[in-house]
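All remarks here apply to the structure that follows.
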Amino acid sequence: MGIIIKLILESFRFAWNALRMNAFRTTLSLLGVTVGIFAIIGVFTVVDSLEKNIRDSLNFLGTGTIYVQKWPFIAGEDFNWWDYIRRPQPSYNEYKFLEKNLKSKSAISIMSGQGNSVMKYESNSFDEGTLMGGSYGYKDIFSVPIASGRYFTLKEAQAGRNVAVIGANVAENLFAGVNPLGKSLKVKGRKFVVIGVIEKEGDSFLGNTSNDDNCLIPYDSFRKMYVTGTGRWNEKQSTIALKGYDDDVGLVKMEYEMRGLLRSHRGLRPKDEDSFALNRPEAIANAIGSVFDVLSLVGWVIGGFSILVGGFGIANIMFVSVRERTNIIGIQKSLGAKNYFVLFQFLFESVFLSLLGGATGLLLVYFLSFMSLGTMELTMTFRNVVLGLGVSVAIGMISGIIPAALAARMDPVEAIRS
């Protein structure tokens with residue numbers, strides 16, 4: 001153990017002396033490694049942060065959830081829009097049917113929304129809100145953190161009472177300085193009593209996908225506001241959302257049961273294709289992930305050329321270092337130094353120099369993470385730090401192995417004479 005520590009300290013001393021005595025030459029040679037690590041880890045940091053921000057922005061879709069919709073989230077290669085446009089919209093009757101018969105669900109909700117809805121309270125108005133209609137189970141599928149007041153009850157939802165749970169922006173614009181609880185706001189000429197205010201969430205990377213601009217009312221109340229001239233309910237792009245149990249891995253059981261029930265309810269024959277889409281938020285996330293995999297590959301290509309140049313620079317330093325210290329190598333070997341001692345000495349020096357260049361590149365990426373990019377937050381992960389240091393060590397070993405091997409194989413007599 002003692003000889004290993006002595007070997008490391010001796011190698012570190014030689015590496016530090018080489019850096020100190022030829023600082024300018026060493027700095028120029030390490031610049032390639034620094035730029036290479038900066039390019040690779042910089043691209044990875046941006047890609048990882050971008051992917052994380054987008055995935056976080058998709059949290060409003062819920063987790064462990066399947067949506068029954070008319071259109072698929074992602075179209076396949078054989079997508080023909082004219083086949084999909086003839087599909088019926090998921091209906092309230094289908095929601096009630098699934099609610100009663102589907103056993104493998106933990107929660108179910110039907111919902112619909114109308115953007116740019118004008119909301120009024122006395123002389124104040126807010127025309128950038130979204131009127132959302134959701135059944136009682138909406139809160140069990142999506143995050144509805146109540147800051148004050150409460151969510152509507154099951155009886156209020158079933159009876160279609162005119163009650164509302166509003167977002168933070170709606171409360172700030174309509175009820176500035178006034179407690180909104182118990183007050184009535186107007187939407188499409190109808191009065192809704194505010195019973196709850198949702199916590200402020202702020203904008204996400206994809207824009208305002210939070211509850212801040214929402215006015216959530218019972219779905220049966222929402223239905224009454226959008227009827228056709230014949231008095232029939234216009235489904236208004238309704239969506240049925242279902243959440244499975246944690247032990248249903250991949251929601252396979254729920255999807256299988258749901259597909260069978262819907263096909264039966266719609267009267268589809270065994271050879272008929274589904275007239276509905278069962279959408280999962282993971283489909284969007286997986287599509288996004290494949291795009292970022294390509295960007296990561298681009299990062300490797302961009303940084304790889306700089307790393308290659310840096311590797312040649314370190315190899316050049318090591319060849320020069322071996323030539324300058326040939327006499328010292330001969331003295332060491334004549335005093336009993338083993339080949340592995342000399343090999344490790346130069347190899348350690350090469351790795352140390354490469355690590356120094358890589359650490360400088362990582363430091364530059366760290367400073368880059370403090371840049372303000374609006375709603376996007378740059379974060380250098382521990383995984384990328386380890387990756388950067390690992391690449392630096394690999395480049396140092398590859399660049400230094402040949403010079404170190406030449407030094408280790410020198411004849412001590414010839415080395416001292418030189």
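Each value in this text was obtained by applying a stated rule to the coordinates, not by laboratory testing. Note that the coordinates shown come from a computational prediction; the quantities given were computed from them, not determined experimentally. We place every Cβ from the backbone using ideal geometry, glycine too, and count neighbours over all the protein chains shown.
Some points to look at:
- Built amide H within the under 5 Å cut-off of SER135, gap 5+: ILE110, TYR219
- In the chain the longest region clear of GluC sites (Glu not before Pro) that are loop-assigned by DSSP and have at most 14 other C-beta atoms within 10 Å covers 123-272.
- Applying the Karplus relation 6.51 cos²θ - 1.76 cosθ + 1.60 with θ = phi - 60° to the stretch 139-144 yields 3J(HN,Hα) values of 5, 7, 9, 10, 6, 10 Hz, where x marks Gly and Pro.
- Reach of LYS70 by Cα under 26 Å, taken over lysines that are not fewer than 8 positions away in the same chain: LYS96, LYS100, LYS103, LYS105, LYS139, LYS224, LYS236, LYS243, LYS253, LYS271
- Each stretch of four or more DSSP H residues adds -39500 (n - 2.57); spread over every residue of the chain, this sum gives -17500 deg cm²/dmol at 222 nm.
- Cβ crowding within 10 Å averaged over residues, with 357-365, 242-250 ranked highest first: 357-365, 242-250
- Each Lys and Arg Cβ is given +1 and each Asp and Glu Cβ -1; about its Cα centre, the chain then shows a dipole of about 540 debye.
- Under 19 Å from the Cα of LYS120 - aspartates and glutamates, other chains or at least 8 residues apart: GLU128, GLU172, ASP212, ASP213
- Proximity of backbone amide H atoms, modeled 1.01 Å from N, is registered between GLU199 and ILE146, ALA147 at under 5 Å, excluding neighbours fewer than 5 places apart on the same chain.
- DSSP-defined beta bridges in the chain - what % are antiparallel, rounded to 5: 80 percent
- Packing rank of 395-401, 317-323, where each peptide gets the mean count of other beta carbons within 10 Å, highest leading: 395-401, 317-323
- Axial C-alpha extent at least 24 Å, average Kyte-Doolittle at least 1.6 - helices from the chain (DSSP): 339-368, 382-408
- For TYR121, TYR256, the sequence from fewest to most other C-beta atoms within 10 Å is TYR256, TYR121.
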